Amino acid sequence: MSTEKGWGMQAFDWFEERLPIVSFIDHSIGSKYPAPKNLNYYWNFGSLALFIMVVLIMTGILLAMSYTPHVDHAFQSVERIMRDVNSGWLLRYMHANGASFFFIVVYIHIFRGLYYGSYKAPREVLWWLGIIIMLLMMATAFMGYVLPWGQMSFWGATVITNLFSAIPIIGDEIVTLLWGGFSVDNPTLNRFFALHYLMPFVLVGVVVLHIWALHIPGSNNPLGIEATPKDKIPFHPYYTSKDAFGVGVFLLAYFTVVFWFPNAMGHTDNYIPANPLSTPAHIVPEWYFLPFYAILRSIDDKLTGVILMFGSILILFVIPWLDTSRVRSATFRPIFKVLFWIFLIDCMVLGWCGSQLPEGIPLILTRVGTFWYFFHFLVLMPVIGWIETPKPLPTSISTPVVAKPAE
């Protein structure tokens, strides 16, 4: 039997020797990357985030070919994309709703990390890079929301950029730099369009670092204990097939919204052309900013509100040191598990409050929710880590599966 390679394999080996792309992929997400064998479906959301990011970049590039970044033409160019460009309506709905699904997936990914302690040593840098990704997503999404130049786009840009004026000494200069003048106008739109196009590629670079940082210590797992070599299996084909199934389920939900409810997660006022002389009755950002918007409005002082809003994100960077427990997974932490679900409900309540006028019951709930948000991180996490008695940890990942039932 001949063992001589064909010309195709010889060419592949020649190229691979000089630029080992396939070998790199195989070591990163292929058969040579070992992963814990007990990962559940919550671990699918990392690959889903990568998938939807690629969809957003591709649809964004195609949309940019027909978009006009000028205050006199931006709104009309978006309408032209919807009506006249071949499949333009599909591209726009995929892009706009893709942003919402990107945040849904990433928020679930973050809360999974909070529940299973994926921020603990030796994965602190991995966690930091994940929070940086979220910040870049927020900046990119905000700038993208301005581009249609509807009423909510214009007034949302005006309100959010004005927040920087609360910064002492340099605040007004920052706002002028963002605007490119003394009001939200054509230079602002040009700046936001350029940055909205550029920042996804910066995001890709940070995602590469995030994956790199993941491969140094390896993946965490639901039990929160370090996996031994015998507790690991090749990422491919076991988890690639599992991720493919997750992508299929995700696409069912994604295209259900794209085709049947494309405007469900948007604001109707953004189908009205921007008018600087007509202020909307209620200015609200996109839904994925609402919890932070509620925190911003929880207090009357503008500077304090800005500090609280940015602090609610920056505090995530120090969670690895705020959590004093030596047990990672909430599976074995009965008190922390309850507090986690209370915290999740608190974030949802803040999201609802952010969509309401800051008065009456919503304002009271906003202030209570803001207090609990910081109380959870600054007080409860350190204290519970000291006083909580966790359940006994298994000796290995395989123990809960292969252990004999008690007689």
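None of the figures in this text is laboratory data; all of them are computed from the coordinates on show. All figures in this text were calculated on a predicted structure; none of them were measured in a lab. So basically every Cβ, Gly included, is an ideal-geometry build from the backbone, and we count neighbours across all protein chains shown.
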**Request:** About the Cα centre of segment 221-348, how large is the charge dipole given +1 on each Lys and Arg Cβ and -1 on each Asp and Glu Cβ? Please answer in debye to the nearest 20.
**Result:** 520
**Request:** Sort out for me the Cα centre separation of segment 313-390 from segment 62-98, rounded to whole Å.
**Result:** 40
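Take the residue pairs K120/K337; K5/K230; K302/K337 and return only those whose Cα atoms are more than 25 Å apart.
K5/K230; K302/K337
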**Request:** Would you mind computing, in nm to one decimal, how far apart the modelled labels at D301 and F317 are, each placed 7 Å from Cα along Cα→Cβ?
**Result:** 2.3
**Request:** Quick one: which residues, 5 or more positions from I233 or on another chain, have an amide H under 5 Å from its amide H? H modelled 1.01 Å from N in the peptide plane, none for Pro or chain starts.
**Result:** A35, K37
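May I ask you to sort V249, V85, V106 by Cβ crowding, counting other Cβ atoms within 10 Å and putting the fewest first?
Working: V249 12, V85 18, V106 21.
Neighbour counts put them in this order, fewest first: V249, V85, V106.
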**Prompt:** When the chain is fully extended, how far beyond the present Cα-Cα distance does M134 get from S355, taking 0.36 nm per residue of separation?
**Reply:** 77.5 nm
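Hey, what number do you get for the chain at 222 nm if only DSSP H runs of n ≥ 4 count, each worth -39500 (n - 2.57), divided across all residues, to the nearest 500?
Numbers: 17 runs with 253 residues, N = 407.
Rounded to the nearest 500, it is -20500 deg cm²/dmol.
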**Message:** Between D84 and I342, what is the label-point separation in nm under the 7 Å Cα-to-beta-carbon projection?
**Reply:** 5.8
**Asked** Which shape class applies to the chain: rounded if a/c is under 1.5, otherwise prolate when a/b exceeds b/c and oblate if not, where a ≥ b ≥ c are the square roots of the Cα gyration tensor eigenvalues?
**Response** oblate
**Request:** With only alpha-carbon atoms counted, please give the Rg and Dmax of segment 284-390, in Å.
**Result:** 14.7, 43
**Charge dipole (debye, nearest 20) of the chain; +1 at Cβ of Lys and Arg, -1 at Cβ of Asp and Glu** = 1060
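How high is the FRET efficiency from L195 to I387, r the C-beta distance, R0 35 Å, rounded to 0.05?
Values: r = 47 Å, r/R0 = 1.33.
So the FRET efficiency works out to roughly 0.15.
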**Item:** Residue order, fewest to most beta carbons within 10 Å, for R367, R297, R18
**Value:** R18, R367, R297
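For the residues W321, W155, what sequence is obtained by ranking on other C-beta atoms within 10 Å, fewest first?
Values: W321 13, W155 20.
Ranking W321, W155 by Cβ neighbours within 10 Å, fewest first, gives W321, W155.
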**Complete:** Karplus-derived 3J(HN,Hα) from phi for segment 232-249 (6.51 cos²θ - 1.76 cosθ + 1.60, θ = phi - 60°), whole Hz, x at Gly and Pro, runs 10, 10, x, 4, 10, x, 5, 8, 5, 5, 5, 5, 4, 4, x, 5, x, 5
